[in-house]
C-alpha cells in the first residue's frame, strides 16, 4: 500500500548522510556525499536487514583499515546518551543499527573493543542483535559482560543483558544452546527479577515466557521461588507476564501462582455468539454468564479459544485473553467480548464452521460455533 509505514525505509540515503555527518565530526576525511549516494543507489529493492548491511559495508570501505581504529572512530562519533526509558530501537537514531551491524560483521576477532562498543551503542539505540554472534564465538567473555550489564545503572544496558541473550529473540538468530539449557540466561535474569524499569521487566518476562515453551517446569520453579524470595510488585508483574503462555495452556501451577482458584466450581451458562454467520471483516460478539457455585469467593482467569478452520478442513486453536475477575459466593456475572475477524498478515482465514470455547482457570467450560463467509 502506497505510503504505508515500513521500518526498512529508515535505512536510505538520508539515513546514511546523517550517520556520515556524525562520523565526519570526529574523522574529517569521511566521504559523506559518496556514502549517501552509494547507499541510496543500492537499498531500493532490499529489505531491512540487507539495507542495514549495505550501510555497514559502506562504512567499512571508508573508515581506517584496522578494525580497532575504525570502531574507535564510530564510538567517538556517537552522540550524547539521549535514549529515553522504553525507546529501545524505536527512537530517532535508527542509523545506529548500521553501526551495531558493523561491529557484528567485522569485529568478531576483536571482542576486547567490540563488546564495549556494543554497550555504548545500546545506550543510544540497541545492540541486542549484534551481540549474539559474540555469544557463540566468545561465550565466556560475552556472558561475563552480560552479567555485569545486568547490574548497570542505565536501564537500557540492563535490558540489553536480558534481550541480547534471549534464546528466541524475534528477528534474530536463535541461540540454540540457551533453548536447550537456559541456566546461564537465568543466572543473568536473577539480578533483574525486581527491576524498577518496566522496559527491563518486559524483556525479563518475555525471556521467561520463551523458556516456558521447552522448560515449563523450570520456569514454574523459578516463578515460585522469585515470588517467595522477592515479594515486590515488580517481581509479581514479571511473573504474571512470564506465565502467560502457561496460563493459556491451563497449567494449574501457573494459575495458582497468579491467585486463580475454584475453576472447577465456576460454571458457564448461555454461551452465545452474534452473528452466527459472519462475513470476513466483521466483528463477533461473544456473550457468557459465569456462575460461582461455591459458598466461597474465587478469583478466576477467563480466556476464550477460537478454533480457526485450516486449508485442509481441520481446525487450529488460538487462545485469546479475556479477563481476570473476582466472583463472590454464589455470584453470577455476565461477560461480553467483541472479537474482530479481519485479515491480518499472520493469519489466513478459510470459510467454514469455526468454534469458540470459553475456559475458566484453564478448564474448557463450553463451546459454540459460527460460520465464516466472504473468504477468498
## Note on the structure
The residue that is surrounded by the most Cβ atoms within 10 Å (Cβ to Cβ), considering only those in region 13-41 that are within 30 Å of the chain's Cα centre (by Cα) and more than 18 Å from residue 79 (Cβ to Cβ), is 39
### Task
Sort out which residues of region 147-176 are part of a helix (DSSP H, G or I), surrounded by fewer than 22 Cβ atoms within 10 Å (Cβ to Cβ) and either in contact (Cβ under 8 Å) with a residue 40 or more places away in the chain or not assigned by TED's automatic domain parsing to the domain that holds residue 117 (or both), and write them in order of number.
147, 155
### Query
So which residues in region 191-213 are farther than 16 Å from residue 248 by Cβ and in a helix (DSSP H, G or I)?
191, 192, 198, 199, 200, 201, 202, 203, 204, 207
### Task
Could you please find all residues in region 332-352 being closer than 21 Å to residue 322 by Cα, at pLDDT 90 or above and out of contact with any strand residue (DSSP E or B) (no Cβ under 7 Å at 6 or more places or on another chain)?
342
### Summary
Checked 112, 128, 144, 217 against criteria (out of contact with any helix residue (DSSP H, G or I) (no Cβ under 9 Å at 6 or more places or on another chain) and either without any contact (Cβ under 8 Å) to a residue 12 or more places away in the chain or not in a helix (DSSP H, G or I) (or both)); the one match is 144
### Query
Of these, 341, 302, 288, which one is under 16 Å from residue 270 (Cβ atoms), within 26 Å of the chain's Cα centre (by Cα), assigned by TED's automatic domain parsing to the domain that holds residue 270 and in contact (Cβ under 8 Å) with a residue 40 or more places away in the chain?
302
### Task
Collect the residues in region 246-261 that are surrounded by fewer than 18 Cβ atoms within 10 Å (Cβ to Cβ), in contact (Cβ under 8 Å) with a residue 24 or more places away in the chain and part of a helix (DSSP H, G or I), keeping them in residue-number order.
252, 253
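The values are calculated or read from the model by the stated rules, or taken from the named source; none is laboratory data. Quantities reported herein were computed from a predicted structural model and do not represent experimental measurements. Every residue, glycine among them, receives a Cβ derived from its backbone with ideal geometry; neighbour counts consider all protein chains shown.
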